[in-house]
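Q: My structure is below; once you've seen it, I'll send some questions.
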Ligand SMILES: [Zn+2]
């Protein structure tokens, strides 16, 4: 048996053992993503046996509360659920965005780091804050960022405002949210 298929077999065993359903195709629907950490030391192994995980996901069974940890993003993709895949992508993008912000003092609103989905996700998480600049309505900043993201050309003033929102809202939010999740 090849290495890949034995890892997949290990994953299926672990998931089914902790699920109510006895079959893989049904068991995969019982799980949600609970949390994720980034491990820059690459010292942990997935429940399937794969070594050197970069992102350590925790998943929880919604029927019996069982937890599987750590599990890698590629194993979650094995569940073949679009909703989980999207959540994996967004959660990883939060870490990547924070690292990009920490490395570049003046990050711009580019598709290298942002997407419409990520902006919406950030808004839903509460990353935009109310201030005197948006009449204490965070939705205005989200709307502005979305408008700017969709624009091909931005004025210097608009560019500055977008960067100010990244630095004053998104950066402190990501630092707070991810502070204890990077090792
Ligand atoms: Zn795995």
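The values are calculated or read from the model by the stated rules, or taken from the named source; none is laboratory data. Predicted, not measured: the structure shown is a model, and the values here were computed from it. No Cβ is skipped: glycine too gets one built from the backbone with ideal geometry, and neighbour counts run over all protein chains shown.
Q: Is it the case, given these coordinates, that residue 101 is without any contact (Cβ under 8 Å) to a residue 40 or more places away in the chain, touching a helix residue (DSSP H, G or I) at 6+ places or on another chain (Cβ under 7 Å) and either assigned by TED's automatic domain parsing to the domain that holds residue 172 or at negative phi (or both)?
A: When the stated conditions are applied, residue 101 does not pass them.
Q: Within the stretch 124-137, identify whether any single residue is more than 19 Å from residue 174 (Cα to Cα) and touching a strand residue (DSSP E or B) at 6+ places or on another chain (Cβ under 7 Å), and answer yes or no.
A: no
Q: Just to verify a result, which residue in the stretch 40-86, among those that are over 16 Å from residue 29 (Cα atoms) and exposed (fewer than 12 other Cβ atoms within 10 Å of the Cβ), is nearest to the chain's Cα centre (by Cα)?
A: Step by step, filter the stretch 40-86, then rank; the result is 40.
Q: Could you tell me which residue of the stretch 71-82 is farthest from residue 48 (Cα to Cα), considering only residues that are part of a helix (DSSP H, G or I) and near the ligand (Cβ under 8 Å from one of its atoms)?
A: Filtering first and then ranking leaves 74.
Q: Take residue 10 and tell me if it is within 15 Å of the ligand (Cβ to nearest atom), surrounded by 15 or more Cβ atoms within 10 Å (Cβ to Cβ) and at pLDDT 95 or above.
A: Taking the combined requirement at face value, the residue satisfies it.
Q: Follow-up. Would you pick out the residues in the stretch 168-177 that are touching a residue at least 24 places away in the same chain (Cβ under 8 Å) and either surrounded by fewer than 18 Cβ atoms within 10 Å (Cβ to Cβ) or on the phi > 0 side of the Ramachandran plot (or both)?
A: 168, 171, 175, 177
Q: Here is a follow-up. As an exercise: evaluate residue 32 against (1) assigned to a loop (DSSP other than H, G, I, E, B); (2) surrounded by fewer than 18 Cβ atoms within 10 Å (Cβ to Cβ); (3) in contact (Cβ under 8 Å) with a residue 24 or more places away in the chain and give the number of the one condition it does not meet.
A: (1)
Q: Residue 40 is checked against (1) within 16 Å of the ligand (Cβ to nearest atom); (2) in contact (Cβ under 8 Å) with a residue 40 or more places away in the chain; (3) assigned to a loop (DSSP other than H, G, I, E, B) and fails just one. What number does that condition carry?
A: All conditions pass for residue 40, except number (1).
Q: How about the stretch 83-183: which helices (runs of 4 or more DSSP H) wholly inside it have at least 2 residues that are more than 28 Å from residue 41 (Cβ to Cβ)?
A: Hits in the stretch 83-183: 116-125, 138-150, 156-165.
Q: Now, a different point. Based on this model, can you work out whether residue 61 counts as farther than 20 Å from residue 122 by Cβ and either more than 16 Å from the ligand (Cβ to nearest atom) or outside the structural domain of residue 177 (by TED's automatic domain parsing) (or both)?
A: So residue 61 fits the description; yes.
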